[in-house]
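What follows is one structure encoded as structure tokens, with my remarks underneath.
The values are calculated or read from the model by the stated rules, or taken from the named source; none is laboratory data. In this text, all values refer to a predicted model and were calculated from it rather than measured experimentally. All Cβ positions, even for glycine, are placed from backbone atoms using ideal geometry, and neighbour counts span all protein chains on display.
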Amino acid sequence: MKTGHKLLTRMCNSFYGAATTYRQIDGEFTARTYLDSAASCLMLKPAYEASLKFLDHYSNTHSDTHNSAIISNQMYKWAHAQVLQFVNADPEEYTCIFMGSGSTAAINRVARSLSAARPEKPGVLISLMEHHSNDLPHRETHDFAEHIGCVGEGVDLGSMDLDALEAALSKHHDKIDYVAVTAASNVTGVVNPIHDIAQRAHAHGALVVVDASQILAHRALSMQGIVGDGSDDIDAVVFSGHKIYAPGSPGVLVIRRSLIDGGAPMEFGGGMVDQVFKTEYTVTTKFPDREEAGTPNILGAVNLGMCLDIMTRIGMDVIEQHESEMLSYLFNEMQSIAGITIYGDTDLSLVPRTATISFNLAGVDHGLLAAILNDYFNLALRNECFCAHPYVREMILQQLWDLDPDLEEAEIESKKGMVRASFGLNNSIDDAHRLVTALKEIDTRKDWYVSQYLRSEDGGFKHLKGSIDWNTYFCPSTVLESVL
Amino acid sequence: MEIATEHYIDAKGMLCPLPVLKFKKYIKDLTPGDVIRIDTTDPDSVKDFNIFSEMKGYKIVSLVEHAKSFSFVIEI
């Protein structure tokens, strides 16, 4: 077995929370299967353990005098370098900026920066597939925003419709600041052709801003395009460290330095100035210092750097293959369950996808299905609309219209959503098998499972036997006393 | 210009998919050729009633967009 595969197999079992057990509703204690990586990932233990060793030398950056400050300064720079390397970004051309707790901060930053730097371009084009964090900031910072739909319709939506993109770019000619597009959907895992999109945008004087939050942990991404003349290179990428196995790490923006070095920084404070007088001050020209006012999230950045290093050692091709095998198995098995609807085009030869699957089971509301999977099978899945309302609505609309018009409005409301299983490095084919086994079991005894729940006032579902007493699993004071 | 119709549905304040479902429920007892006016405030309803009508072969006789609401007249 090649080293990458060996390391992957070892890493699969090396996560905080991999051995977490909960009591199922029937009283049995079983291991939890975590299938919610698209929301946030488990912590990769070896990366965090390496980061904890760094704590022996922890200090603030912004000084090169005492040893710990020197080491912390260098490690913080190392983390920036790890990011640029991971996305194949030339350090001469691109800068990496850490900010906030996830990509939301980075997207708000790039939206403000670009709209300030390019006032002659009042519009943005946003794919319909976006998480709200890669939609609303662009609407807020530009005069107009137009959404670009996907190929296909209804439950079978594919990737961004490039003809519709071309038409919108032509219609607005050179008034488009950038195209905002996710590299992979947080709902369906559908992967977009970001370099093709970049090339089309550039041909119309627009840039491309890519949300890489849902792809970087799953398959390789390169700022450099395929064509070789730079026409399809990516201008800016944002992502969340907590979605690449480093909870507690910052949001990340990788952007062409030329796009932001002419304007003013977005935040002011320590570490981003050269001189300060009572009446004026001079901002440093150094990147990323200029864009990272105040004390940064040093430990988080170091931990992210460790994760990226480990994933590079495994090889993104090995990781992609590992997850593709799980995805193919899931598609085959889930499509054999009559009542299951899988959202998004499932023809993997046409539409590449990460191992994120959103689905519904006929006759069982999404909230109830997620509750049953948790209560009876210890499977951790998320349900509802995953902060991507326009996209989810587009795919479930026909099913909503087919509902019985005599249903109560609250009941109709509770059908607006899906269940999502999102797989990552912490999962194996056994986890995929567990999900399929559970869905088949529920499908055969639907009425019984449904009868075990009451609909609560907030539209959710409550088991007849009540719900988890979380404090029995984690009580902060008890845990603190056990370590003091 | 508003068209007077015998059949009327007030779907103001309702969000997708309720306007379309209310429309489906109401037209159960009507006959082809009947004309219904439906008022909505859901911004998605413009697109929804266009798609739904096309799917079912209904005709949107008129659509009046007010400041915060929409008035459709649809022939089934």
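Determine whether A:ALA432 is in contact with a strand residue (DSSP E or B) (Cβ under 9 Å, 6 or more places away or on another chain), more than 26 Å from A:VAL151 (Cα to Cα) and surrounded by fewer than 20 Cβ atoms within 10 Å (Cβ to Cβ). If you could, list the steps in order and put the result at the bottom.
Working: in contact with a strand residue (DSSP E or B) (Cβ under 9 Å, 6 or more places away or on another chain): yes; more than 26 Å from A:VAL151 (Cα to Cα): yes; surrounded by fewer than 20 Cβ atoms within 10 Å (Cβ to Cβ): no.
No: the conditions fail for A:ALA432.
Being in a helix (DSSP H, G or I) and either more than 15 Å from A:ASP36 (Cβ to Cβ) or more than 20 Å from the chain's Cα centre (by Cα) (or both), is that true of even one residue in segment A:455-471? Before you say what the answer is, go through the steps one by one.
Applying the first criterion (in a helix (DSSP H, G or I)) to segment A:455-471 yields A:470-471.
Next cut, either more than 15 Å from A:ASP36 (Cβ to Cβ) or more than 20 Å from the chain's Cα centre (by Cα) (or both) only: A:470-471.
Within segment A:455-471, one or more residues are in a helix (DSSP H, G or I) and either more than 15 Å from A:ASP36 (Cβ to Cβ) or more than 20 Å from the chain's Cα centre (by Cα) (or both).
If I ask for residues that are among the charged types (D, E, K, R) and either in contact with a Lys or Arg (Cβ under 9 Å, 6 or more places away or on another chain) or in contact (Cβ under 8 Å) with a residue 60 or more places away in the chain (or both), which ones from segment A:123-139 would you list? Break it down stepwise before answering.
Start the filter on segment A:123-139 by keeping residues that are among the charged types (D, E, K, R), which leaves A:130, A:135, A:139.
Those that are among the charged types (D, E, K, R) and either in contact with a Lys or Arg (Cβ under 9 Å, 6 or more places away or on another chain) or in contact (Cβ under 8 Å) with a residue 60 or more places away in the chain (or both): A:GLU130, A:ASP135.
What number of residues within segment A:78-94 satisfy the criterion of being over 21 Å from the mean Cα position of the chain (by Cα) and crowded, with 22+ Cβ neighbours inside 10 Å?
Residues meeting the conditions: 1.
Which pairs turn up if I take residues in segment B:9-34 that are farther than 24 Å from A:HIS389 by Cα and look for partners that are among the basic types (Lys, Arg) with beta carbon separation below 7 Å, at least 6 apart in sequence or on another chain?
As it stands, the answer is B:ILE9/B:LYS22, since those pairs meet every condition given.
Among strands (runs of 3 or more DSSP E) lying entirely in chain B, which contain 3 or more residues that are β-branched (Val, Ile, Thr)? Break it down stepwise before answering.
On the way: elements: B:7-11, B:35-40, B:59-65, B:70-75.
Those strands (runs of 3 or more DSSP E) span B:35-40, B:59-65.
Just for segment A:158-217: of the residues that are touching a Cys at 6+ places or on another chain (Cβ under 8 Å) and within 11 Å of A:SER127 (Cα to Cα), which one is surrounded by the most Cβ atoms within 10 Å (Cβ to Cβ)?
A:SER159
Sort out which residues of segment A:24-60 are free of Cβ contacts under 8 Å to residues at least 24 places away in the same chain and surrounded by 15 or more Cβ atoms within 10 Å (Cβ to Cβ), and write them in order of number. Spell out how you get there, then give the answer.
So in segment A:24-60, the residues free of Cβ contacts under 8 Å to residues at least 24 places away in the same chain come out as A:27-29, A:49, A:52-53, A:56-57, A:59.
Passing the criteria: only A:SER59.
Pull out all pairs, ordered by first then second residue, where Cβ-Cβ is under 7 Å, the residues are six or more apart or on different chains, the first lies in segment A:266-291 and is among the charged types (D, E, K, R), and the second is not in a loop (DSSP other than H, G, I, E, B).
A:ASP274/A:THR282; A:ARG290/A:VAL283; A:GLU291/A:ILE97
Return a yes/no flag: does segment A:142-159 have any residue that is outside any loop (DSSP other than H, G, I, E, B) and of a type in the set (Gly, Ala, Ser). It would help to see each step written out before you state the result.
We begin by selecting, within segment A:142-159, every residue outside any loop (DSSP other than H, G, I, E, B); these are A:144-148, A:150, A:154-156.
Narrowing the set further to residues that are of a type in the set (Gly, Ala, Ser) leaves A:145, A:154.
Yes, the conditions are met somewhere in segment A:142-159.
What residue, of A:GLY27, A:GLY17, is at pLDDT 95 or above, assigned to a loop (DSSP other than H, G, I, E, B) and over 21 Å from A:ALA212 (Cβ atoms)?
The unique qualifying residue is A:GLY17.
Out of the residues in segment A:370-404 meeting the condition of being assigned to a strand (DSSP E or B) and in contact with a helix residue (DSSP H, G or I) (Cβ under 6 Å, 6 or more places away or on another chain), tell me which one is farthest from A:GLY154 (Cα to Cα). Explain how you work it out, then say what you get.
Start the filter on segment A:370-404 by keeping residues that are assigned to a strand (DSSP E or B), which leaves A:379-380, A:382-384.
Adding the requirement that they be in contact with a helix residue (DSSP H, G or I) (Cβ under 6 Å, 6 or more places away or on another chain) leaves A:379, A:383.
On the way: A:LEU379: 28, A:ASN383: 19 Å.
By that ranking, first place goes to A:LEU379.
Any chance you could count how many residues in segment A:30-65 are touching a Phe, Trp or Tyr at 6+ places or on another chain (Cβ under 8 Å), assigned to a loop (DSSP other than H, G, I, E, B) and under 30 Å from A:LYS77 (Cβ atoms)?
Residues that pass the stated criteria total 5.
For the list (1) on the phi < 0 side of the Ramachandran plot; (2) assigned by TED's automatic domain parsing to the domain that holds A:MET129; (3) out of contact with any Cys (no Cβ under 7 Å at 6 or more places or on another chain), I need the number of the one condition that A:GLY271 fails.
(1)
If a residue has to be outside any strand (DSSP E or B), more than 11 Å from chain B (Cβ to nearest Cβ) and of a type in the set (Val, Ile, Thr) to count, how many in segment A:405-425 make the cut?
Going through segment A:405-425 one residue at a time, the tally reaches 0.
When segment A:155-177 is examined, which residues are found to be over 21 Å from A:PRO390 (Cα atoms) and either in the same structural domain as A:THR356 (by TED's automatic domain parsing) or of a type in the set (Ser, Thr, Tyr) (or both)?
Within segment A:155-177, just A:SER170 meets the criteria.
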